[in-house]
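The values are calculated or read from the model by the stated rules, or taken from the named source; none is laboratory data. As the structure is a prediction and not an experimental result, all values here were calculated from the model. Cβ sites come from the backbone with ideal geometry, for glycine too, and all protein chains shown count toward neighbours. Side chains are part of the model used for accessible areas, which takes the heavy atoms of the whole protein and leaves out ligands, DNA and RNA. Shrake-Rupley method; radii C 1.70, N 1.55, O 1.52, S 1.80 Å.
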Amino acid sequence: MTQLFPDTSPAAQRVLIDLLRPLPAWRKLRMVADMNATVRALALVGLRERYPEAGPEALRRRLADLLLGEELAAKAYGPLDPT
């Protein structure tokens, strides 16, 4: 078996795959959606620490920069307010 996770032992990787393989597709998609929500929440925490004066709208715009890249976020949401 190919090592998917270099920081995980092959035995632990096998257990993980054996647990995930029989799950229905909807459950796997739910797990991915939950992980994405967690990543967004953690990113917002970091942005709040870096920009404590920023309001919710400014933080969402900065989150768009992280998720989409500055160029695409600017096209989609307009320029980033420097404050």
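Cβ-Cβ distances below 6 Å connect the following pairs, each with a first residue in the range 47-68 that is at negative phi and open to solvent by 90 Å² or more (accessible area, probe 1.4 Å), a second residue that is assigned to a helix (DSSP H, G or I) and modelled with pLDDT of 95 or more, and a separation of six or more residues or different chains: 66/43. The number of residues in the range 28-46 that are open to solvent by less than 90 Å² (accessible area, probe 1.4 Å) and more than 27 Å from residue 77 (Cβ to Cβ) comes to 2.
Of all residues in the range 1-39, how many are of a type in the set (Lys, Arg) and modelled with pLDDT under 95? Write out each step before concluding.
We begin by selecting, within the range 1-39, every residue of a type in the set (Lys, Arg); these are 14, 21, 27-28, 30.
Imposing the further condition that a residue be modelled with pLDDT under 95 reduces the set to 14.
Qualifying residue count, the range 1-39: 1.
Taking into account only those residues within the range 69-83 that are in a loop (DSSP other than H, G, I, E, B) and open to solvent by less than 80 Å² (accessible area, probe 1.4 Å), which is nearest to residue 39 (Cα to Cα)? It comes out as 69.
With respect to residue 38, determine if the residue is outside any helix (DSSP H, G or I), of a type in the set (S, T, N, Q) and out of contact with any helix residue (DSSP H, G or I) (no Cβ under 7 Å at 6 or more places or on another chain). It is false that residue 38 is outside any helix (DSSP H, G or I), of a type in the set (S, T, N, Q) and out of contact with any helix residue (DSSP H, G or I) (no Cβ under 7 Å at 6 or more places or on another chain).
Could you list, in sequence order, all residues of the range 6-17 that are open to solvent by 80 Å² or more (accessible area, probe 1.4 Å) and without any contact (Cβ under 8 Å) to a residue 12 or more places away in the chain? Outline the logic, then answer.
Within the range 6-17, the first condition is being open to solvent by 80 Å² or more (accessible area, probe 1.4 Å), and the residues that meet it are 6-7, 10, 14-15.
Within the range 6-17, 6, 7, 10, 15 qualify.
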